[in-house]
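The values are calculated or read from the model by the stated rules, or taken from the named source; none is laboratory data. Note that the coordinates shown come from a computational prediction; the quantities given were computed from them, not determined experimentally. For neighbour counting, all protein chains shown are included, and Cβ atoms are generated from backbone atoms with ideal geometry for every residue, glycine included. For accessibility, only protein heavy atoms count, side chains too; no ligands or nucleic acids. Shrake-Rupley method; radii C 1.70, N 1.55, O 1.52, S 1.80 Å.
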Amino acid sequence: MGKTVNKKLKLGFGVLKSCPYNRNSIVRDQSLSKTGKTTYKKLKGSQNLRQRLVLSTLSSTPLLIEEIRAEDTWPGLRPHEVSLLRLIEKVCDDCIVEINETGTKLKYKPGTVMGGKNLVHDCGVSRSIGYFLEPLILLALFAKKPISIRLKGITNDSKDPCVDTFRSTTLPMLKRFGVPSEGLELKIESRGATPHGGGEVILTVPTVEKLTAVNWLDEGMVKRIRGVTFSARVSSQFENAMIRSARGIFNCLLPDVHIFTDHKAGPQAGKSPGYGISLVAETTSGSFISADTAVSYAQIGEVGEIEDEEKRVLTPPEDVGEQIASFVLEQIQQGGVVDLTHQGLLFLLCALSEPDVSKVRIGKLSPYGIETLKSIREFLGLKFSINQDPSTGTLIFLGMGCGYKNVSRKIS
């Protein structure tokens, strides 16, 4: 890890919080034992850190995680994980974060999610902004005040969902759970590709009192394809090549295909050259199936000459467009109302919804979705039923929400 972080903030005990198991009550912090000592939920390993921190915060469960990459060559928390903890500190009040010298042990005692306007956070360049958006929006929905925050870093890469996919697919999905459209927005100020980033987005999220349960079984038929390409510090012709190859696949299947371009130059292009594409298929039932990727490389003169071998590794824009278009079709063929990337978020929203049964159709269960279900069981004590529909081969997800209520918003 680049540097060791050992930060401790003072916490005032007896903070009021909402109880996820009894939606009509307000209880005092139950993490305190009769002796006045804090009782921590003990876990091991670095997996599912984002979900663990979100669920720990919303359920007011102090967390102790040990053996974080203890056997790795570079043990401990990674820079992006430390940055996520700093982000949580910015949107929460009275939380404690303690990390040991090697970064292999984390103690986290959650506070109250406050929200606020004109917040700024630098996500760094270890992971893209998409890594931070999912946990941030889950916390923001249950904040005391609506959140408006400027996030700086990498907007597009091949590892995490890009900001375009978040805007075109994730935000519409939230509306199904009762999140109002007003005040829900992601504005892309500038692009930032790996390795040096330089991108900026502004996220605004309204607060909700509760999330509504969903009955989301109808996949519908694909009625249109939308998408956006981006290019930064490279020729805009890269975007045209990606669009031609993607349309070459989609135009054989349906006529309503529109892929927009977003060429950036100057300060809005960030600090590294790159290009990429985000595609989303919208169905007649209001489902969105998306996929995206980005290609980038170090700028000559910043980190030295690029070797000829590295240049050959870069995927041509024509292949990028064709691969992502094909991947969208693969996910549509698998079935389900969401793509694999959004399974984890879907399960979390269902778990935090009102105490009613949610029914959702998904394709194959992703590893990320499985780990999310494990985290939900650990922190909320909820178990869900997943059965296969023999007629389609898809899976029917069935579960009761915990009835989580945003008490802070109600009394503010």
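When Ala193 is tested against the conditions (1) within 22 Å of Asp292 (Cα to Cα); (2) open to solvent by 20 Å² or more (accessible area, probe 1.4 Å); (3) touching a Gly at 6+ places or on another chain (Cβ under 8 Å), the lone failure is (2). Among the candidates Lys107, Lys117, Lys90, Lys42, which residue alone is assigned to a helix (DSSP H, G or I) and open to solvent by 50 Å² or more (accessible area, probe 1.4 Å)? Result of the check over Lys107, Lys117, Lys90, Lys42: Lys90. Being within 28 Å of Pro317 (Cβ to Cβ) and either in contact with a helix residue (DSSP H, G or I) (Cβ under 6 Å, 6 or more places away or on another chain) or assigned to a helix (DSSP H, G or I) (or both) is not true of Ser158.
Quick grid of which residues meet (1) of a type outside the set (A, V, I, L, M, F, W, C); (2) open to solvent by less than 10 Å² (accessible area, probe 1.4 Å); (3) assigned to a loop (DSSP other than H, G, I, E, B):
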residue: Leu136; (1), (2), (3): no, yes, no
residue: Leu139; (1), (2), (3): no, yes, no
residue: Arg167; (1), (2), (3): yes, no, no
residue: Glu182; (1), (2), (3): yes, no, yes
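Selection of region 375-403 for residues being surrounded by fewer than 15 Cβ atoms within 10 Å (Cβ to Cβ), farther than 18 Å from Val214 by Cα and in contact with a helix residue (DSSP H, G or I) (Cβ under 9 Å, 6 or more places away or on another chain) yields only Gly393. When each of Val208, Val201 is tested for being within 18 Å of the chain's Cα centre (by Cα) and open to solvent by less than 10 Å² (accessible area, probe 1.4 Å), the lone residue that passes is Val201.
Scanning region 197-211 for residues that are touching a residue at least 60 places away in the same chain (Cβ under 8 Å) and either outside any loop (DSSP other than H, G, I, E, B) or in contact with a Lys or Arg (Cβ under 8 Å, 6 or more places away or on another chain) (or both) turns up Gly197, Gly198, Gly199, Val201, Leu203, Val205, Thr207, Val208, Glu209, Lys210, Leu211. Taking region 232-303 as the region of interest, the strands (runs of 3 or more DSSP E) fully inside it that hold 3 or more residues being of a type outside the set (Phe, Trp, Tyr) and in contact with a Lys or Arg (Cβ under 9 Å, 6 or more places away or on another chain) are 257-264, 274-283. The set of residues from region 265-292 being open to solvent by 30 Å² or more (accessible area, probe 1.4 Å) and farther than 23 Å from His342 by Cα comprises Ala265, Gly266, Pro267, Gln268, Lys271. Among the residues of region 218-246, those identified as under 21 Å from Ser287 (Cα atoms) and open to solvent by 20 Å² or more (accessible area, probe 1.4 Å) are Asp218, Glu219, Gly220, Met221, Val222, Lys223, Arg224, Arg226, Val228. I'd like to know if region 102-119 contains one or more residues that are free of Cβ contacts under 8 Å to residues at least 40 places away in the same chain, at positive phi and in contact with a Ser or Thr (Cβ under 9 Å, 6 or more places away or on another chain). Scanning region 102-119 turns up at least one residue that is free of Cβ contacts under 8 Å to residues at least 40 places away in the same chain, at positive phi and in contact with a Ser or Thr (Cβ under 9 Å, 6 or more places away or on another chain). Being of a type outside the set (Val, Ile, Thr) and under 30 Å from Val295 (Cα atoms) is a property that Tyr131 has.
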